[in-house]
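Below you'll find the structure, written out as structure tokens, and then a few comments.
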Amino acid sequence: MSTLIVAVLSFVGFLVAYYTYGRWIARKVFALDPDAVTPSEALDDGVDYVPTRKSVVFGHHFTSIAGTGPIVGPALAVFWGWLPALLWVVFGSILIGAVHDFGSLVISMRNRGQTVGEIAGRLISPRAKLLFLLILFFALTVVLAIFGLVIAGIFRDYPESVLSVWIAMPIAVGVGIWVHKMKGNLLIPSIGALILLYGAIYVGVYYLPIGIADGAIHVGANYLPIGIETDANSFLNPTVVWTVILMVYCFAASVLPVWLLLQPRDYVNSFQLYVALAAMMVGIAVAGLFGGAEIIGTAPLVAIEGNLLSGGQTALLPFLFITIACGACSGFHCLVSSGTSSKQIAREPDAQPIGYGSMLMEGALAVIVILACCAGIGMGVTGADGAKLVGHEAWASQYGDGSAMIAPSKATGVFIKGGANFLTAIGIDGRFAIGIVATLVACFAATTLDSATRLQRYVIHEIGETVGLKPLGNKYVATAIAVGLALSIALMRGPNAADGTLAAYGTGGLLLWGLFGATNQLLAGLAFMVVAFYLWRRNKPIVFVAAPMALMLVIPAWALAVQLFDPETGFLAKGNYLLFGFGICITALQIWMIVEGLLVFPKARGVLEPQLPPLPQPKRAAAATAGGSV
């Protein structure tokens, strides 16, 4: 019952926040105008700027911002107990994350779909623009390298998810052509796509072998997608092969028209994700009432054990707030809001459900993850000796004695097991349940990966314009740089934790995980700064933005300082000079941009920034409201 109570209170809180705080920001602060001409109309090019119905943009935006972030982060943060994680997710989403996403989306819409980095150049200073773009470039490189490896790891460890993830590609192209070119209705292809996706999961779980070795058919972790068994230390190991294939897909997704692959893929995926999440919520209700899923007593309420402020990188403060980013507040979201979503919205009022509402839905996902990694795991797992463990013993079998945080890859596996347990509570077979949740995770990550590639293309293009390198404006050149750099980082060999020797190829990208959390949250703070300047120059209230901005600048900077200089666990003390160098560069760029803002802020009140030259006012595209694009 405790699990059901936590879920209900959290979800009700999100609903109340949307219709009160979110509505106030939309109507009173930003004054969204249904008659305003949006960038998708004014600059409609059929490739990046495409007027699109609200439900489709919502699906694209939600699946793009979610990824594995709201899964990995909360699954790791349960290390400090479920209550601190839950409180940060609920209140962070409502007061910080949703405001960040919504604000970034609106100011981008009112600046022709430019990224927040480009907009910073006029709101703050030209130097701030280049600084922000460089920070965005680094952050997106980390996202591409890490998320590519995460998906490859899911394919390697849960091969039953492979068929359903990849079959979504041709389905999406078909839906895109059907709706955009043939003006077809979305309902029938959406239902058909959902049936095909779940049919593919069923086939992948029960009937589809992955590899053949020693004359026998195997379904397992050590086989390539083409069915060849290799040593994990070989360059052609499964992680490497899947990562290369994923990056080839990302290149195509970045350069093709948004309506042909990216939009319909995200829309099709969103249907599958909604169904899976709804099924898990029903499972939580059933298990909470009848199935013995209790969060109290399974996982610790608060588990700081003296590590509230001390303990290096295991201290609750400040590391809880950078471990859970997506699900509470994430700087990456400002890139999606100002990079792709702002170029597709057909009416300004659509920004509230897409910007504010999607973040609350991601918060709801993070709540489900916390419950799955605590109460769901407590419903039972198989121990090392083959015996079934339940309750706190089951949780401890995944998280140990709480003295060390588990690895991100293992955290994903904990959620898959716990989420599958919720599905078994409503009668779904355990193997099929594992396939459903593994596919959910892989689809989330894939939609973030392809959107991040497109975003990186925009950032590289804007950097090229800023420094005068015209070749970077070519979408094929920019995409090749984005994919090539991320792939080269992802395929490096990282060190083994035990003896420092080189690990397998395809582990090097995870070295950047240590910098991802703090960098991502500092990016959120800088995006808040851009939103604050936008409002400050228009004599609008900024307290509701300034407070989150201060938090998201101070807490991540604190965490990054510990990561760099802690005498026992810091990058410098451990001789990790690569991460130390990256961290110092990021810190210097952040400080420089903050100084730029402080110098301009006193003189900016009520003074509008230089405006973009006017564009011809087009007639409102009939397709925008009648459903022309996907």
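The values are calculated or read from the model by the stated rules, or taken from the named source; none is laboratory data. Keep in mind the model is a prediction, meaning the values are calculated, not measured. FYI the Cβ positions are ideal-geometry reconstructions off the backbone, even for glycines, and counts take in every protein chain you see. Ligands, DNA and RNA are stripped out before the accessible areas are found, and what is left, the full protein with its side chains, is counted by its heavy atoms. Shrake-Rupley method; radii C 1.70, N 1.55, O 1.52, S 1.80 Å.
So, ALA433, is that one free of Cβ contacts under 8 Å to residues at least 24 places away in the same chain and crowded, with 24+ Cβ neighbours inside 10 Å or not? Break it down into steps so the answer makes sense when it comes.
On the way: free of Cβ contacts under 8 Å to residues at least 24 places away in the same chain: yes; crowded, with 24+ Cβ neighbours inside 10 Å: yes.
Spelling it out, ALA433 is indeed free of Cβ contacts under 8 Å to residues at least 24 places away in the same chain and crowded, with 24+ Cβ neighbours inside 10 Å.
For the stretch 71-85, what are the residues that are over 17 Å from the mean Cα position of the chain (by Cα) and either buried (at least 24 other Cβ atoms within 10 Å of the Cβ) or among the small types (Gly, Ala, Ser) (or both)? Give the derivation first.
Start the filter on the stretch 71-85 by keeping residues that are over 17 Å from the mean Cα position of the chain (by Cα), which leaves 78-85.
Hits for the stretch 71-85 are VAL78, PHE79, TRP80, GLY81, TRP82, ALA85.
For residues in the stretch 7-51 being without any contact (Cβ under 8 Å) to a residue 24 or more places away in the chain and not in a helix (DSSP H, G or I), which is nearest to VAL179 (Cα to Cα)?
Applying the filter and picking the extreme gives ASP45.
Please verify whether the stretch 419-436 includes one or more residues that are closer than 28 Å to ALA285 by Cα, among the charged types (D, E, K, R) and in contact with a strand residue (DSSP E or B) (Cβ under 8 Å, 6 or more places away or on another chain).
Narrowing the stretch 419-436 to residues closer than 28 Å to ALA285 by Cα: 419-436.
With among the charged types (D, E, K, R) added as a condition, the list becomes 429, 431.
Remaining after also requiring in contact with a strand residue (DSSP E or B) (Cβ under 8 Å, 6 or more places away or on another chain): none.
Looking for residues that are closer than 28 Å to ALA285 by Cα, among the charged types (D, E, K, R) and in contact with a strand residue (DSSP E or B) (Cβ under 8 Å, 6 or more places away or on another chain), one finds none in the stretch 419-436, hence no.
Search the stretch 450-475 for residues that are under 26 Å from HIS61 (Cα atoms) and pair each with any residue that is among the hydroxyl-bearing types (Ser, Thr, Tyr) and in a helix (DSSP H, G or I) when their beta-carbon atoms are under 6 Å apart and the residues are at least 6 apart or on different chains.
SER451/SER64; THR453/SER254; ARG454/SER254; ARG457/SER254; ARG457/THR479
So for the stretch 165-173 (the condition being open to solvent by 30 Å² or more (accessible area, probe 1.4 Å), at pLDDT below 85 and part of a helix (DSSP H, G or I)), does at least one residue qualify?
no
Could you tell me whether LEU578 is assigned to a helix (DSSP H, G or I), modelled with pLDDT under 95 and open to solvent by less than 40 Å² (accessible area, probe 1.4 Å)?
Working: assigned to a helix (DSSP H, G or I): yes; modelled with pLDDT under 95: yes; open to solvent by less than 40 Å² (accessible area, probe 1.4 Å): no.
It is false that LEU578 is assigned to a helix (DSSP H, G or I), modelled with pLDDT under 95 and open to solvent by less than 40 Å² (accessible area, probe 1.4 Å).
Could you please let me know if ALA328 is assigned to a loop (DSSP other than H, G, I, E, B) and modelled with pLDDT under 95? Before the answer, list the steps.
Numbers: assigned to a loop (DSSP other than H, G, I, E, B): yes; modelled with pLDDT under 95: no.
Considered against the rule, which asks whether it is assigned to a loop (DSSP other than H, G, I, E, B) and modelled with pLDDT under 95, ALA328 comes out as no.
Quick check, is LEU564 touching a residue at least 12 places away in the same chain (Cβ under 8 Å), under 27 Å from ASP101 (Cα atoms) and not small (Gly, Ala, Ser)?
Numbers: touching a residue at least 12 places away in the same chain (Cβ under 8 Å): yes; under 27 Å from ASP101 (Cα atoms): no; not small (Gly, Ala, Ser): yes.
The answer is no for LEU564.
Looking at the stretch 271-297 only, could you name the residues that are closer than 12 Å to VAL6 by Cβ and open to solvent by less than 10 Å² (accessible area, probe 1.4 Å)?
Within the stretch 271-297, ILE284, GLY288, ALA293, ILE295 qualify.
Take the stretch 361-412 and flag every residue that is closer than 22 Å to VAL286 by Cα and in a loop (DSSP other than H, G, I, E, B).
Those that are closer than 22 Å to VAL286 by Cα and in a loop (DSSP other than H, G, I, E, B): MET379, GLY380, VAL390.
Looking at (1) part of a loop (DSSP other than H, G, I, E, B); (2) over 25 Å from GLY339 (Cβ atoms), which is the only condition ARG538 fails?
Just one mismatch for ARG538, condition (2).
Just to be sure, is SER55 open to solvent by 20 Å² or more (accessible area, probe 1.4 Å), of a type in the set (Ser, Thr, Tyr) and within 26 Å of ILE151 (Cβ to Cβ)? Please lay out each step first, then the result.
Details: open to solvent by 20 Å² or more (accessible area, probe 1.4 Å): yes; of a type in the set (Ser, Thr, Tyr): yes; within 26 Å of ILE151 (Cβ to Cβ): yes.
Yes: the conditions hold for SER55.
Which residues, taken from the stretch 99-137, are open to solvent by 30 Å² or more (accessible area, probe 1.4 Å) and at negative phi?
Restricting attention to the stretch 99-137, the residues satisfying the condition of being open to solvent by 30 Å² or more (accessible area, probe 1.4 Å) are 110, 112, 114, 122, 126-127, 129-130, 134, 137.
Matches in the stretch 99-137: ARG110, GLN114, ARG122, PRO126, ARG127, LYS129, LEU130, LEU134, PHE137.
Quick check on the stretch 428-446. Is at least one of its residues in a loop (DSSP other than H, G, I, E, B) and touching a helix residue (DSSP H, G or I) at 6+ places or on another chain (Cβ under 6 Å)? Break it down into steps so the answer makes sense when it comes.
At the first step, the residues of the stretch 428-446 found to be in a loop (DSSP other than H, G, I, E, B) are 428-429.
Subset that is touching a helix residue (DSSP H, G or I) at 6+ places or on another chain (Cβ under 6 Å): none.
Taking every residue of the stretch 428-446 in turn, none turns out to be in a loop (DSSP other than H, G, I, E, B) and touching a helix residue (DSSP H, G or I) at 6+ places or on another chain (Cβ under 6 Å).
Each row is one residue, and each column tells you yes or no for (1) polar (S, T, N, Q); (2) within 30 Å of LEU95 (Cα to Cα); (3) under 31 Å from the mean Cα position of the chain (by Cα).
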residue	(1), (2), (3)
GLY581	no, no, yes
ALA588	no, yes, yes
ILE594	no, yes, yes
LEU599	no, yes, no
ARG605	no, yes, no
PRO613	no, no, no
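Could you list, in sequence order, the residues of the stretch 396-430 that are open to solvent by 10 Å² or more (accessible area, probe 1.4 Å) and of a type in the set (A, V, I, L, M, F, W, C)?
ALA396, ALA404, MET405, ILE406, ALA407, ALA425, ILE426, ILE428
Checking TYR534 against (1) at pLDDT 95 or above; (2) more than 20 Å from PHE30 (Cα to Cα), which test does it fail?
All conditions are met except number (2).
Might you let me know whether the stretch 149-159 holds any residue that is open to solvent by less than 10 Å² (accessible area, probe 1.4 Å) and not in a helix (DSSP H, G or I)?
No; the residues of the stretch 149-159 include none that is open to solvent by less than 10 Å² (accessible area, probe 1.4 Å) and not in a helix (DSSP H, G or I).
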